[in-house]
Amino acid sequence: MLVYSSSAPETTRSVARSLCDKLIVGDVVLLYGDLGAGKTEFVKGLAAGLGVDEPVTSPTFALLNVYQGRMPLYHFDLYRLDRLEELDGIGFDEFIGGDGLAVIEWPDRFAAALPEEFIKVIIRAGETVAQRVIEIVPTGVRYAGRWEGSGSN
Ligand SMILES: Nc1ncnc2c1ncn2[C@@H]1O[C@H](COP(=O)(O)OP(=O)(O)OP(=O)(O)O)[C@@H](O)[C@H]1O
Ligand SMILES: [Mg+2]
């Protein structure tokens, strides 16, 4: 597990940007945290790290936004999802372990739809309004050893 302390949105984005160096095609990042925790800020950092040059916005209503970088970035927000069938409608399964990086806000809305292996990112409030604690937990064989020798865990 990697743990970071962030005291500004820029720091949250740069933590995400540095995570990108370790990410490969087919990876899945699950983003946990309350409303306003900074999940979308984190995705902005991932996008920057992948070289996406368009602005990243929250896909709350669209459920999915797609960006092109060194690999495609599939940004899901399941907050407003009501029925599991809606995920089929947007081709959810194709994007999980697909040809790019899949990032999912509010994954706990539909836990049954999630893959078995993922990088879990948990963003918690800190002691001040701008403070956050960011935990990054790679889970499963796919991610095992990827952070070895990086000195950050
Ligand atoms: N350290 C920080 N890290 C991230 N965001 C911060 C931080 N400090 C303040 N903020 C602010 O908190 C807000 C985070 O908004 P963001 O849309 O990223 O949250 P979210 O977790 O995606 O919420 P939602 O569940 O509504 O999608 C932004 O307005 C950002 O400027
Ligand atoms: Mg968001």
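The values are calculated or read from the model by the stated rules, or taken from the named source; none is laboratory data. Everything numeric in this text was worked out from a predicted model, so none of it was measured. With ideal geometry, Cβ positions are generated from the backbone for all residues, glycine too; neighbour counts draw on all protein chains shown.
What the table shows:
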read-out	value
Of residues in segment 94-153 being at pLDDT below 95 and hydroxyl-bearing (Ser, Thr, Tyr), the one nearest to Ile24 (Cα to Cα)	Ser150
Any hit, segment 30-53, residues being away from ligand 2 (no atom under 12 Å from the Cβ), under 25 Å from Phe92 (Cβ atoms) and of a type in the set (D, E, K, R)	no
Selected residue [within 16 Å of ligand 2 (Cβ to nearest atom) and either outside any strand (DSSP E or B) or touching a residue at least 40 places away in the same chain (Cβ under 8 Å) (or both)] from Val137, Val133, Val129, Val103	Val103
So Val56, is it part of a loop (DSSP other than H, G, I, E, B), within 14 Å of ligand 2 (Cβ to nearest atom), at pLDDT 95 or above and not small (Gly, Ala, Ser)	yes
Number of positions in segment 40-83 that are within 16 Å of ligand 1 (Cβ to nearest atom) and surrounded by fewer than 17 Cβ atoms within 10 Å (Cβ to Cβ)	8
